[in-house]
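These notes concern the structure reproduced below.
The values are calculated or read from the model by the stated rules, or taken from the named source; none is laboratory data. Keep in mind the model is a prediction, meaning the values are calculated, not measured. Backbone-built Cβ (ideal geometry, glycine too); neighbour counts: all protein chains shown. To get the accessible areas, we keep the full protein, side chains included, count just its heavy atoms, and leave off ligands, DNA and RNA. Shrake-Rupley method; radii C 1.70, N 1.55, O 1.52, S 1.80 Å.
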Amino acid sequence: MLVNLKDVLIPAQKGHYAVGLFNTTDSDMLEAVISAAEELRAPVIIGTAEVLLPYGELKLIAPSLLAAAKRATVPVVLHYDHGLTVERCKEALSLGFSSIMFDGSAGDVEENMKVTREMVDYAHSLGATVEGEIGHVGEAAKGDGDVSDRYTTVEEARAFLDATGVDALAIAIGTAHGAYKTKPKLDLDRLTTIRSKIDTPLVLHGGSGLSDDDFRNTIRCGIAKVNIFTDLTLAGDRAMKEATEKGIGYLETRNLKVKYIKEEVEKKMKLFGCDGRY
């Protein structure tokens, strides 16, 4: 069933578990994620990101994502992740996405809040939800003294929420997008403080590559949504490598990809505590 972020994140926040966003750039990933969610009776968030569109154009993949979400027997949010332009965000909404993220965090703070507010007003008029981001996820993740000021502060989070009215907020506490080259330095005290001061569900970007304890700790401290993509591609890579070594054909390779990606999704869902919620 197609729902929006508030439908799954508010219960997650109250229940002290997290819901995973698993970006699904093709039908292989889509089948893996939806089948895992249905078998585990877990709410789930699927979608794509603006930087991923060269690997699966929006108009091409949106119909299959939307159909799968509507057909699913568990709540499914169709989310446009890291929307960098207003035009693409509006296109996603016109194609049936039930949620978007406008990400202006790399630019001017005031401009980020202004445009995010405009996207919130527009999306809410369509019954969709909006995630925003404050802080610098990739830069803060370096974990050295030179970038410690890039972590999100309580004051920044409060000001951003007051100015934008977003339904979910991605904050920088020491994670990074993609594969980690060094162990991330997570500021759990900062996360706990932000959670205690605001009611809006909090989002952890850069989830792929974190340890199981990292996930448990961040969820315990208040994270309600975790973004995962790189770990799914690594599972697919493993399937293709194995298929090549064994001389498996194209269709069999495709099914092996679905199998390995599904196993990774199930592992994450159990770790996040969202299994068995529906």
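Within the accessible surface of region 159-278, defined with a 1.4 Å probe on protein heavy atoms only, the carbon and sulfur portion equals 50 percent. Relative contact order of region 174-278: 24 percent, from C-alpha pairs under 8 Å at least 6 residues apart in sequence.
Overall, region 1-121 carries a charge dipole of about 480 debye about its Cα centre when +1 sits on the Cβ of Lys and Arg and -1 on the Cβ of Asp and Glu, all other atoms neutral.
Cross-link list 6/90; 185/259; 70/241: which exceed 24 angstrom alpha carbon to alpha carbon? Over 24 Å Cα-Cα: 185/259; 70/241. Name all residues of region 66-96 having a backbone nitrogen under 14 Å from the label point set 7 Å from the Cα of residue 110 along its Cα→Cβ direction, giving them as ranges. Counting only backbone N, you get no residues. About its Cα centre, the dipole of region 1-54 is roughly 380 debye, where the only charges are +1 on Lys and Arg Cβ and -1 on Asp and Glu Cβ. Taking every alpha carbon pair in region 20-70, what does the distance histogram look like in 10 angstrom bins from 0, in percent? Histogramming region 20-70 at 10 Å steps yields 27, 58, 15, 0 percent. Note that region 74-113, at 4 °C in a medium of 1.567 mPa s, gets a Stokes-Einstein diffusion coefficient of 120 µm²/s from its Kirkwood radius over C-alpha pairs.
Assuming charge only on the beta carbon of Lys and Arg (+1) and of Asp and Glu (-1), the dipole of the chain about its Cα centre is about 820 debye to the nearest 20.
Give me the angle, in degrees from 0 to 90, between the Cα long axis of helix 154-164 and the longest principal axis of the Cα atoms of the chain, rounded to the nearest 10. Taking the Cα atoms of the chain, the angle to 154-164 is about 80 degrees. Stokes-Einstein diffusion for region 17-113 at 4 °C, viscosity 1.567 mPa s, with a Kirkwood radius from C-alpha pairs, works out to 94 µm²/s.
One equal scatterer on each Cα of region 210-278, no solvent, Debye formula: the resulting log10 I(q)/I(0) at q = 0.12, 0.13, 0.18, 0.19 Å⁻¹ is -0.41, -0.46, -0.73, -0.77.
Less than 5 angstrom separates the built amide H of residue 41 from those of 276, all sequence-distant by 5 or more or on a different chain.
With the helix formula -39500 (n - 2.57) applied to DSSP H stretches of n ≥ 4, the chain reaches a computed 222 nm mean residue ellipticity of -15500 deg cm²/dmol.
In the list [x] 1.02; [y] 0.95; [z] 1.08, the label attached to Rg/Rh (Cα atoms, Kirkwood Rh) as derived from the coordinates here is [y]. Can you tell me what share of the DSSP beta bridges in the chain is antiparallel? A percent to the nearest 5 is fine. Beta bridges within the chain, antiparallel portion: roughly 0 percent. Between residue 48 and 24, 79, 81, the built amide H atoms are under 5 Å apart, and every one of these is 5 or more places off in sequence or on another chain.
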